[in-house]
Amino acid sequence: MIDEIKKDASERMDKSISSLQQSLTKLRTGRAHTSLLDHITVEYYGSQVPLNQVANVNVDDSRTLAVSPWEKTMVQPIEKAIMKSDLGLNPVTAGTTIRVPLPPLTEERRKDMIKLVRHEAEGGRIAIRNIRRDALSDIKDLLKEKMIGEDEEHRAHDEVQLITDKHIASIDAVLATKESELMEI
């Protein structure tokens with residue numbers, strides 16, 4: 001019973017960390033990579049569709065992405081979607097290929113990005129602490145129903161705290177990696 005609660009909490013915490021990593025890939029560093037445009041959706045025959053389902057996204061060089069729509073009519077909507085995104089990019093259309101140059105990051109912009117990264121990491125920590133709270137609540141319920149004793153409850157509490165500490169350390173490592181990546185010139 002307690003092992004199931006710990007396993008469930010650990011799995012949910014792992015998902016929180018992977019969600020944080022996913023959201024941090026959207027924050028760009030000085031280099032171009034295709035995952036930068038993953039979260040952009042485009043209007044396609046009346047519905048919102050991820051960009052990678054209507055076009056090929058490739059890295060042209062270290063500072064340029066190339067987007068090649070599968071249909072000629074999709075050039076304008078894709079260009080508009082990239083401009084409206086929160087990335088602050090200005091795409092340039094050349095025929096059916098859309099080039100997305102990535103401007104170099106200024107020192108001020110880097111500091112803003114680090115604030116944003118720290119905010120995202122804090123959100124991840126909060127999610128993990130909420131999962132810990134849920135697990136501890138489940139353990140207390142087992143104690144109230146007399147399915148476990150107080151000693152088992154204390155032991156389970158300590159084990160859940162260890163799992164939580166391990167996952168928070170993982171978030172701190174992800175944060176440190178992203179910060180150093182952002183400060184690279």
Tabulated pairs, region 90-106, first closer than 11 Å to Val75 by Cα, second assigned to a loop (DSSP other than H, G, I, E, B), C-beta under 6 angstrom, 6+ apart or interchain: Ile98/Pro91
Flag for Thr97 being at negative phi, modelled with pLDDT of 85 or more and surrounded by 13 or more Cβ atoms within 10 Å (Cβ to Cβ): yes
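Report, by residue number, each residue of region 141-164 that is exposed (fewer than 14 other Cβ atoms within 10 Å of the Cβ) and either in contact with a His (Cβ under 8 Å, 6 or more places away or on another chain) or touching a residue at least 12 places away in the same chain (Cβ under 8 Å) (or both). Spell out how you get there, then give the answer.
The first filter runs over region 141-164 and keeps only residues exposed (fewer than 14 other Cβ atoms within 10 Å of the Cβ), leaving 141, 144-147, 149-151, 154, 158, 161-162.
Result: Met147, Gln161.
Pick from Ile82, Ile98, Ile139: which is β-branched (Val, Ile, Thr), under 30 Å from Asp60 (Cα atoms) and in contact with an Asp or Glu (Cβ under 8 Å, 6 or more places away or on another chain)? Let's see the steps before the verdict.
On the way: Ile82 fails: in contact with an Asp or Glu (Cβ under 8 Å, 6 or more places away or on another chain); Ile139 fails: under 30 Å from Asp60 (Cα atoms).
Of the residues listed, the single one that is β-branched (Val, Ile, Thr), under 30 Å from Asp60 (Cα atoms) and in contact with an Asp or Glu (Cβ under 8 Å, 6 or more places away or on another chain) is Ile98.
Would you mind stating whether Asp138 is over 27 Å from Gln21 (Cα atoms), in a helix (DSSP H, G or I) and in the same structural domain as Ser16 (by TED's automatic domain parsing)? Steps first, answer last, please.
Working: over 27 Å from Gln21 (Cα atoms): yes; in a helix (DSSP H, G or I): yes; in the same structural domain as Ser16 (by TED's automatic domain parsing): yes.
Against the criterion (over 27 Å from Gln21 (Cα atoms), in a helix (DSSP H, G or I) and in the same structural domain as Ser16 (by TED's automatic domain parsing)), Asp138 qualifies.
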Residue match in region 15-32 (condition: surrounded by fewer than 18 Cβ atoms within 10 Å (Cβ to Cβ), in contact with a Ser or Thr (Cβ under 7 Å, 6 or more places away or on another chain) and under 30 Å from Asn130 (Cβ atoms)): yes
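In region 53-82, how many are more than 12 Å from Ala32 (Cβ to Cβ) and not in a helix (DSSP H, G or I)?
We begin by selecting, within region 53-82, every residue more than 12 Å from Ala32 (Cβ to Cβ); these are 53-56, 68-82.
Restricting the remaining residues to those that are not in a helix (DSSP H, G or I) gives 54-56, 68-71.
Here the count works out to 7.
Quick test for you: out of Ile40, Ile114, pick the one residue that is assigned by TED's automatic domain parsing to the domain that holds Ile139, in contact (Cβ under 8 Å) with a residue 12 or more places away in the chain and in contact with a Leu (Cβ under 7 Å, 6 or more places away or on another chain). Explain how you work it out, then say what you get.
Details: Ile40 fails: assigned by TED's automatic domain parsing to the domain that holds Ile139.
None of the others qualify; the one that does is Ile114.
Conditions tested, residue by residue: (1) without any contact (Cβ under 8 Å) to a residue 24 or more places away in the chain; (2) closer than 17 Å to Leu51 by Cα.
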site: Ser68; (1), (2): no, yes
site: Gln76; (1), (2): yes, yes
site: Ile128; (1), (2): no, no
site: Asp138; (1), (2): no, no
Residue within region 174-184 that is in a loop (DSSP other than H, G, I, E, B) and either in contact with a strand residue (DSSP E or B) (Cβ under 8 Å, 6 or more places away or on another chain) or of a type outside the set (A, V, I, L, M) (or both) present: yes
Filter result for Arg12 (in contact (Cβ under 8 Å) with a residue 40 or more places away in the chain, among the charged types (D, E, K, R), closer than 30 Å to Leu142 by Cα and not in a loop (DSSP other than H, G, I, E, B)): yes
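The values are calculated or read from the model by the stated rules, or taken from the named source; none is laboratory data. All values derive from a computational prediction rather than experimental measurement. A quick note on method: Cβ atoms are made from the backbone with ideal geometry, for glycine too, and the neighbour counts reach across all protein chains shown.
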